[in-house]
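Novice: Shown below is the structure under consideration.
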Amino acid sequence: MRFIDIIEKKRDGKKLTQQEIQFWIKGYVDGAIPDYQVSALCMAIYFQGMDNEEIAWLTDAMLHSGDIIDLSDIPGIKADKHSTGGVGDKTSLSLTPMVAACGLKVAKMSGRGLGHTGGTLDKVESIEGFNIALSEEQFKKQVSEIGLALIGQTSEIVPADKKLYGLRDVTGTVQSIPLIASSIMSKKLASGSDTILLDVKFGEGAFMKTPEEAEKLASTMIAIGNHLGKDTKAMISNMNQPLGNAIGNALEVKEAIATLKDEGPADFKELCMSAGAIMLMQGKIAQDEASARAMLQEAITSGNALQKLREMVIAQGGNVNMIDHPEKLPHAANVIEMKAECNGYVKELDALKLGTLAMLIGAGRRVKEDTINFGVGIVLNKKDGDYVEKGDILAYVHTDTPLSDEWIEDFYRCFVYSDTPTQKAPLIYKIVK
Ligand code: URA
């Protein structure tokens, strides 16, 4: 089999066979097929798509590119969740300790930042010493003992996704339903949990631009999950503006900690409560949404959710002092106040551009080899629906480098105003079962 033939076949809109997909994934992981050829195939898939059978074969080939964790000897239901990616999306950092504090066992496999979106792994690594590369044995021990562990895909677990993810990030091939669905579902299936909640985002700051596309991606992933015996559900949520206020790794960890103290932004807390309620029902910890929400609120009020985050950080070698004193997290040298240049109601906030601007000052990667500057980012002070007067602070920019004129102009273009009051768009559009 020659890889060039596979590229050309997909380029011409033909269906690949299971053997061709297996040849691709095996060859790429072994190093026999180079990045440039895989980039070409990903671009062909981006334009030509794949049918459900090809997506299932691709997921299966990626899943079997490494070890599959077996959690069946840990008693009880083990849960996982995954977001398709957004701006300011620090949900896993607050949500997983919240549900774990309610007694649900969470075995979470996360990803890194992709394109303009941040990744949970980069965020937790802003906590000094936090180890995301647990061995399978350590991962299982931690899920069993404290009910919460967070790892990344490694050279043992879904190595194919580890390589493909980094390549797609820098080759304009992220926004593809077959590639996103197989990337997410191979990780979810490899981490061994029984239930999966997918937060599928749509809007300017998401990879799927419309609720309809997001629903299509959700249904594709639900079909794969359910077919393999996992209780898989999805929520379709709005990413037209950033989630919460903070964009940038350590800044988001701070906001997640504040949320666990019930001092976080309302939209972010609401997303965690909605997602948490579904997870607790999937895990048979709660009978209905009202009792699930009451349990989650109690986990926050009692301090148990924050304590669960502390336990995970300690277990994974992180400096828990940074959780107890978030001002010790990495921070930028300068905080610049960005002041409004006119009056009006914020009608739109360009999440995609804000995510890109945060990336440009170091919060994300431009190329695969870039290292992240954990301390930098943007903290919004005004969001969709807020009234702004000229001179009000729109946002604080945390930066180690001076902001260029172009950056500043782009920042101001992110805010679109209206003279009349505007409605806040609903955060959760739909639950798909
Ligand atoms: N999250 C993932 O894990 N993979 C993708 O392709 C997109 C978002």
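The values are calculated or read from the model by the stated rules, or taken from the named source; none is laboratory data. Computed from a predicted model, the values in this text were never measured in an experiment. So basically every Cβ, Gly included, is an ideal-geometry build from the backbone, and we count neighbours across all protein chains shown. Areas reflect the complete protein model, heavy atoms only, side chains present, ligands, DNA and RNA absent. Shrake-Rupley method; radii C 1.70, N 1.55, O 1.52, S 1.80 Å.
Novice: Considering only the range 368-376, I want to know if a residue exists there that is assigned to a loop (DSSP other than H, G, I, E, B), surrounded by fewer than 19 Cβ atoms within 10 Å (Cβ to Cβ) and in contact (Cβ under 8 Å) with a residue 60 or more places away in the chain.
Specialist: Scanning the range 368-376, I find at least one residue that is assigned to a loop (DSSP other than H, G, I, E, B), surrounded by fewer than 19 Cβ atoms within 10 Å (Cβ to Cβ) and in contact (Cβ under 8 Å) with a residue 60 or more places away in the chain, so the answer is yes.
Novice: Is it true that some residue in the range 174-187 is open to solvent by 10 Å² or more (accessible area, probe 1.4 Å), away from the ligand (no atom under 15 Å from the Cβ) and on the phi < 0 side of the Ramachandran plot?
Specialist: No, every residue in the range 174-187 fails to be open to solvent by 10 Å² or more (accessible area, probe 1.4 Å), away from the ligand (no atom under 15 Å from the Cβ) and on the phi < 0 side of the Ramachandran plot.
Novice: Taking into account only those residues within the range 384-421 that are among the polar types (S, T, N, Q) and open to solvent by less than 30 Å² (accessible area, probe 1.4 Å), which is farthest from the chain's Cα centre (by Cα)?
Specialist: The residue in question is S418.
Novice: Would you mind stating whether M235 is in the same structural domain as A275 (by TED's automatic domain parsing), open to solvent by less than 10 Å² (accessible area, probe 1.4 Å) and part of a helix (DSSP H, G or I)?
Specialist: no
Novice: Now a separate question. Give me the pairs: first residue in the range 378-407 and closer than 25 Å to P421 by Cα, second residue among the aliphatic types (A, V, I, L, M) and open to solvent by 50 Å² or more (accessible area, probe 1.4 Å), beta-carbon distance under 8 Å, and six or more apart or on different chains, which are they?
Specialist: D384/A425; Y396/V335; Y396/I336
Novice: Between residues in the range 114-127 that are within 11 Å of the ligand (Cβ to nearest atom) and residues that are basic (K, R) and open to solvent by 10 Å² or more (accessible area, probe 1.4 Å), which pairs lie under 8 Å by C-beta distance while being six or more apart or on different chains?
Specialist: Filtered contacts from the range 114-127: G119/R112; L121/R112.
Novice: Which residue, of Q37, Q19, is touching a helix residue (DSSP H, G or I) at 6+ places or on another chain (Cβ under 8 Å) and either assigned by TED's automatic domain parsing to the domain that holds K188 or open to solvent by 10 Å² or more (accessible area, probe 1.4 Å) (or both)?
Specialist: Exactly one residue qualifies, and that residue is Q37.
Novice: Mind telling me which of the residues K78, K105 ends up being of a type in the set (K, R), open to solvent by 30 Å² or more (accessible area, probe 1.4 Å) and more than 16 Å from the ligand (Cβ to nearest atom)?
Specialist: Answer to the selection: K105.
Novice: Would you please name the residue that is modelled with the highest pLDDT, looking only at residues in the range 149-158 that are over 17 Å from the mean Cα position of the chain (by Cα) and not β-branched (V, I, T)?
Specialist: Taking the candidates together, the pick is E156.
Novice: Mind listing whichever residues of the range 377-397 are touching a helix residue (DSSP H, G or I) at 6+ places or on another chain (Cβ under 9 Å), among the small types (G, A, S) and either in a helix (DSSP H, G or I) or over 18 Å from V124 (Cα atoms) (or both)?
Specialist: The one that is touching a helix residue (DSSP H, G or I) at 6+ places or on another chain (Cβ under 9 Å), among the small types (G, A, S) and either in a helix (DSSP H, G or I) or over 18 Å from V124 (Cα atoms) (or both): A395.
Novice: Looking at this structure, is T84 in the same structural domain as S191 (by TED's automatic domain parsing), closer than 26 Å to D231 by Cα and in contact (Cβ under 8 Å) with a residue 60 or more places away in the chain?
Specialist: Here the answer is yes, as T84 does meet what is asked.
Novice: Would you check which residues across the range 139-168 are open to solvent by 20 Å² or more (accessible area, probe 1.4 Å), touching a residue at least 40 places away in the same chain (Cβ under 8 Å), more than 16 Å from the ligand (Cβ to nearest atom) and part of a helix (DSSP H, G or I) and list them?
Specialist: K140, S144, E145, I146
Novice: Please enumerate the residues belonging to the range 193-209 that are more than 10 Å from the ligand (Cβ to nearest atom) and open to solvent by 10 Å² or more (accessible area, probe 1.4 Å).
Specialist: Residues satisfying the conditions are D194, F202, E204, K209.
Novice: Here is a follow-up. Give the residue, chosen from I69, I33, I77, that is at pLDDT below 95, farther than 28 Å from E213 by Cβ and not acidic (D, E).
Specialist: Within the list I69, I33, I77, the selection yields I69.
Novice: Restricting attention to the range 260-277, does a residue exist that is under 24 Å from E125 (Cα atoms), open to solvent by 10 Å² or more (accessible area, probe 1.4 Å), in contact with an Asp or Glu (Cβ under 9 Å, 6 or more places away or on another chain) and of a type outside the set (G, A, S)?
Specialist: yes
Novice: Testing S83 on (1) within 16 Å of the ligand (Cβ to nearest atom); (2) open to solvent by less than 10 Å² (accessible area, probe 1.4 Å); (3) at negative phi, one condition comes back false. Which one is that?
Specialist: For S83, the exception is condition (2).
Novice: Something else now. Given the condition hydrophobic (A, V, I, L, M, F, W, C) and within 13 Å of the ligand (Cβ to nearest atom), answer yes or no: does some residue in the range 89-100 qualify?
Specialist: No.
Novice: Now, a different point. Could you list, in sequence order, all residues of the range 248-259 that are touching a strand residue (DSSP E or B) at 6+ places or on another chain (Cβ under 6 Å) and either modelled with pLDDT under 95 or open to solvent by 10 Å² or more (accessible area, probe 1.4 Å) (or both)?
Specialist: L251, E255
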